[in-house]
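The values are calculated or read from the model by the stated rules, or taken from the named source; none is laboratory data. Predicted, not measured: the structure shown is a model, and the values here were computed from it. Using ideal geometry, Cβ is built from the backbone for each residue, glycine included, and neighbour counts are taken over all protein chains shown.
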C-alpha cells in the first residue's frame with residue numbers, strides 16, 4: 001500500500017515538476033511560438049494562390065464505326081495485307097495518349113506554353129530566354145565533370161522538363177462505375193486553368209481524329225494499288241469492299257467533332273483558390289512553434305538539473 005501511494009506521489013511530483021519547468025521557460029516558449037507563427041504568417045501571405053479548373057468527359061462514339069468495320073472486315077483486311085486496327089478510340093486508349101509524353105509535348109509546343117510554365121526564365125518584353133544562375137546541385141555536377149565548363153547550355157527549357165512541369169499540374173481521375181473522367185488543371189491564373197483544361201480535350205480529339213484519317217488515307221492508297229495489280233476479279237471485289245469501309249471510317253472521322261472524348265461539363269473559370277490554406281498554415285506554424293518551445297524548455301531544464309546534481 002505504501003509502495004502504491006509512493007508511486008502516485010512520484011508521478012504527481014514529476015508532473016508538477018514538468019509544469020514548473022515549462023512555466024520557468026514560458027518566455028522562451030512564447031518566443032518560439034511567436035517566431036514560428038510569424039514565419040507561418042509570412043509563408044501564408046506570400047504563397048501565390050493556385051486555382052483548379054476541371055472538365056468532365058466520357059467516351060465518345062467516335063470509335064464505334066471504326067470498331068464495327070474492323071470486326072466486319074478484319075479477316076479480309078488481313079488477307080489483303082493491311083491492318084484496319086481495332087478501331088479503338090475508347091476511353092483507356094484516349095487517356096493513355098492524354099498522359100503520354102508525345103501528346104503533352106506536342107500540346108505544349110503548339111500552344112507555346114513554355115513561357116507560362118517557366119515564367120522566371122522568360123523575359124516577356126524582350127521575348128528571350130534568360131540564363132539563370134546554376135543551382136548548387138548543378139555546380140557540384142560541374143565540379144565533378146572536367147569538361148562541363150566548356151558546354152554551352154541552351155537557356156530554353158527542354159521538352160522533357162516542360163512535360164514534367166505540365167504533368168505536375170494536370171490530374172486525370174476516372175470513375176470506374178460510370179466511366180466518367182475528370183481532367184483537372186492547376187494554375188496561378190484561373191483563366192489559364194480553365195482555358196488549358198478545355199483546350200487539351202479539344203487537342204486530344206483533333207489528334208486522334210487526324211491519326212484515324214491519316215491511317216484511312218494510307219490504307220485506301222494501298223488498297224487502290226492492290227486493285228490495279230491483282231488479276232483476280234473476286235479479290236478485286238473484296239478490295240473494293242475494303243476501300244468502301246475505309247471511306248466510311250474516314251467520312252465519320254471528318255464529321256465527328258468530339259472523336260474520342262465527349263465533353264459532359266466544360267471547365268469554367270474557378271472563383272476560389274484551392275491552395276494555399278492560409279488559416280491551416282498559420283495554425284500549424286503556431287502549434288509547431290509551441291511544441292518546439294516546450295521541447296527546448298524541457299531540454300534546458302533537464303540540463304540545468306544535471307548540472308546542479
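Observations, loosely collected:
- Checked against (1) touching a residue at least 40 places away in the same chain (Cβ under 8 Å); (2) part of a helix (DSSP H, G or I), residue 183 passes all but a single condition, namely (2).
- Test result for residue 85, assigned by TED's automatic domain parsing to the domain that holds residue 249, modelled with pLDDT under 90 and touching a strand residue (DSSP E or B) at 6+ places or on another chain (Cβ under 8 Å): no
- Residue-level check: of (1) assigned by TED's automatic domain parsing to the domain that holds residue 92; (2) modelled with pLDDT of 95 or more, residue 284 misses just (1).
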